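Beneath this line is the structure, given in structure tokens, with notes to follow.
Every number in this text was worked out from the coordinates using simple rules, so none of it is lab data. Computed from a predicted model, the values in this text were never measured in an experiment. Don't worry about glycine lacking a Cβ; one is built from the backbone with ideal geometry, like all the others, and counts go over all protein chains shown.
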């Protein structure tokens with residue numbers, strides 16, 4: 001799976017492929033499966049339906065790698081609006097953001113200052129902001145900025161650790177030492193063997209180790225996986241360690257394993273659904289498709305036959 005991801009993502013990044021996917025009618029159903037909609041109203045509607053099932057959400061306005069300070073400021077305004085509108089709707093104000101959407105490519109100071117503005121609003125509305133992890137070129141910068149922000153907003157900010165990165169065990173310990181909240185994921189970017197495990201079994205084994213460590217020593221960890229074996233392992237770790245369900249949560253993606261989301265909730269576990277939306281859905285969509293080769297082959301067959 002890991003070896004196929006790189007070529008799949010490289011093909012998907014070709015402008016002609018993107019154009020075909022965006023124009024093709026067959027892809028709309030797949031897009032709607034993973035994306036809540038193209039505007040905030042649609043995302044809030046999805047979040048309300050999920051909340052009515054007893055689950056919580058984190059909203060993510062899709063986008064990354066802005067090129068100008070004005071674009072970054074626009075993103076800040078969007079994130080502030082999401083927090084305020086979630087609070088006004090009676091939903092837990094919880095969002096996920098990418099630092100490249102906030103100007104990280106323009107400098108660490110730019111992204112950090114923009115995050116401070118968002119976190120100030122998060123504190124006003126008793127909300128929480130998760131800094132998503134991007135490609136490995138940004139990992140250390142993202143961790144360092146999270147640490148700096150956590151000094152000022154310990155209750156309002158956390159980040160994401162990817163189990164397929166070889167450095168992640170050390171990053172988990174950094175976050176545990178400062179009581180920062182971590183979402184643990186496998187990782188969805190194409191990364192070289194020098195920095196990331198390539199074999200699925202190694203990625204899963206690392207995930208299991210880090211999951212156990214976060215449950216034992218972390219602050220309200222989020223175990224973000226759809227893998228049945230890793231879900232069972234997390235349950236077992238929590239039971240063995242005597243970790244009560246209110247001290248951690250499972251997280252799953254919008255449109256993925258809805259039956260399991262409901263089953264976990266019914267069993268007494270906390271479940272949060274990651275709800276992405278926006279017009280810039282294509283990069284996120286391709287990463288979801290690349291996670292399952294069967295999906296990618298289906299898409300390619302439809303494009304060729306079209």
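Listing for the model above:
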| item | result |
| --- | --- |
| Residues 246, 71, 134 arranged by fewest to most Cβ contacts within 10 Å | 246, 71, 134 |
| Mean Cα-pair separation over length for the range 211-265, i.e. relative contact order, pairs under 8 Å, 6 or more apart, % | 43 percent |
| Kirkwood hydrodynamic radius of the range 36-280, from inverse mean 1/r over distinct Cα pairs, in Å | 18.1 Å |
| Rounded Å value of the spacing that divides the Cα centres of the range 225-251 and the range 64-123 | 30 Å |
| Considering only the range 36-280, percent of DSSP beta bridges that pair antiparallel, nearest 5 | 5 percent |
| Cα-based shape type of the range 140-238, given that a ≥ b ≥ c are square roots of the gyration tensor eigenvalues and the cut on a/c is 1.5 | oblate |
| Residue exposure sequence - 236, 151 - by fewest surrounding Cβ within 10 Å | 151, 236 |
